[in-house]
Amino acid sequence: MLNRLEMLRIFCAAADAGSFKDAAIHLGISPQAVTRAIQELERLQGEMLFHRNTRQVRITSFGEQLAERARSSLQQLDGLFAPDPASPPDDMSGVVRLAAPSALGRSRLLPIVERLANAHPGLRFDLRLTDQRADVVGEKIDIGIRVGALRDNRFVVRRLGKTRFHVVATPRFLRRHGTPARLEDLPALPCTGILDRDTGRLWPWMFAGDRQMNADHARFVCDDSEAEYLLVRDGMAIGQIAGFLCDDDIAAGRLVPVLGEHEPEPWDTYLYRPQRGPVPPRLRLVFDTLVQELSD
């Protein structure tokens, strides 16, 4: 038995052609299949749709009204699957929701987003840059970057590389306050601390051998890693800063790493997207571009 949608398509073809035989040729089916579909639709409607004789068929008044309604409904339905005429020819259109740590997002992600936006005018971007873990489901995140462990089998994950953490200060700061030789020297210096807004506590400083230093004595407390970095770079404090923020400053001599023998193991950095079935072309483009440009 044909489904009702297919019956309506056959009926409209017969109404347009004025002939069951011509409708069958147009649809690539047998005339008998057209006849059966019309008969079943008449049974469901409880009305005659065509007057028939041995030489011709002629649509009834009720059939004309039904055909008009059916054409409109079928056009709307087909429109759901038709390309948007306003879409760019490369079919890269729609919203991409991205989440990333604030500083990494500003320094590394935004330039890539700008290039993609210039290359594909139909793309729109919703950026969530925060040092707190994104609510992937609640915020409908399409693609995210995370520094640190990512153990969730609901995600498609690509490892981009590793992020190092350095204890750094400016040369001027070290001349003024002295260079720490031991971890125990750090609490006596003006330090920075990062606030975890989820818990209301400060993140500890991390060192090799799973050692940690409580940051409660920090002179400058921030909830944004880039603000922390700027305080350190301006010589206001000593801080433990991610390499993607301070590596260039270290290379240029603007910041000096200390206590290198106590540097913690680098953290893995991941690109991920939720497993939500088919991947639209725009998401595949952005995901693959980020893998290529952010991988070590």
Practice task
Enumerate the strands (runs of 3 or more DSSP E) found wholly within segment 1-103, keeping only those where 1 or more residues are at pLDDT 90 or above and of a type in the set (Gly, Ala, Ser).
Solution key: 94-100
Fill in the blank from the handout: (1) assigned to a helix (DSSP H, G or I); (2) within 27 Å of the chain's Cα centre (by Cα); (3) of a type in the set (D, E, K, R) all hold for Glu261 apart from (2)
Handout entry: Subset of segment 108-123 (residues that are under 15 Å from the mean Cα position of the chain (by Cα) and closer than 29 Å to Ala242 by Cα)
Key = Leu109, Leu110, Ile112, Val113, Leu116, Ala117
Completion exercise
Residues in segment 250-276 that are more than 18 Å from Arg176 (Cα to Cα) and of a type in the set (A, V, I, L, M) total 4
Exercise for the section: Go through segment 161-198 and count every residue that is modelled with pLDDT under 90 and in contact with a Phe, Trp or Tyr (Cβ under 9 Å, 6 or more places away or on another chain). Expected result: 2
Practice task
Could you grab me the full set of residues in segment 11-21 that are without any contact (Cβ under 8 Å) to a residue 60 or more places away in the chain and in contact with a helix residue (DSSP H, G or I) (Cβ under 8 Å, 6 or more places away or on another chain)?
Solution key: Phe11, Ala13, Ala14, Ala15, Asp16, Ala17, Phe20, Lys21
Practice task
With the checklist (1) in contact with a strand residue (DSSP E or B) (Cβ under 9 Å, 6 or more places away or on another chain); (2) in the same structural domain as Val156 (by TED's automatic domain parsing) in hand, flag the one item Asp247 doesn't pass.
Solution key: (2)
Problem - Filter result for Asp268 (under 21 Å from Gly161 (Cα atoms), modelled with pLDDT of 90 or more and out of contact with any Gly (no Cβ under 9 Å at 6 or more places or on another chain)) - result: no
Exercise for the section: Please state which of the following conditions Pro121 fails to meet, knowing it meets all the rest: (1) part of a loop (DSSP other than H, G, I, E, B); (2) at pLDDT 90 or above; (3) in contact with a strand residue (DSSP E or B) (Cβ under 8 Å, 6 or more places away or on another chain). Expected result: (3)
Exercise for the section: Return a yes/no flag: does segment 199-219 have any residue that is part of a strand (DSSP E or B), farther than 20 Å from Leu129 by Cβ and at pLDDT below 90. Expected result: yes
Problem - Filtered residues of segment 162-186 (kept if closer than 18 Å to Ala242 by Cβ and surrounded by fewer than 15 Cβ atoms within 10 Å (Cβ to Cβ)) - result: Lys162
Problem - Which numbered condition Leu271 misses (of (1) part of a helix (DSSP H, G or I); (2) under 18 Å from Gly148 (Cβ atoms); (3) touching a helix residue (DSSP H, G or I) at 6+ places or on another chain (Cβ under 7 Å)) - result: (1)
Completion exercise
With the first residue restricted to segment 254-270 and required to be on the phi > 0 side of the Ramachandran plot, and the second required to be crowded, with 17+ Cβ neighbours inside 10 Å and part of a loop (DSSP other than H, G, I, E, B), Cβ contacts under 8 Å at 6 or more apart or on different chains are Leu259/Pro180
Exercise for the section: Scan segment 238-252 and give yes if some residue there is within 14 Å of Val168 (Cβ to Cβ), modelled with pLDDT of 90 or more, in contact with a Phe, Trp or Tyr (Cβ under 7 Å, 6 or more places away or on another chain) and part of a loop (DSSP other than H, G, I, E, B), otherwise no. Expected result: no
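The values are calculated or read from the model by the stated rules, or taken from the named source; none is laboratory data. The structure displayed is predicted, hence computed values, not measured ones. Glycine gets a Cβ as well: all are built from the backbone with ideal geometry, and neighbour counts include every protein chain shown.
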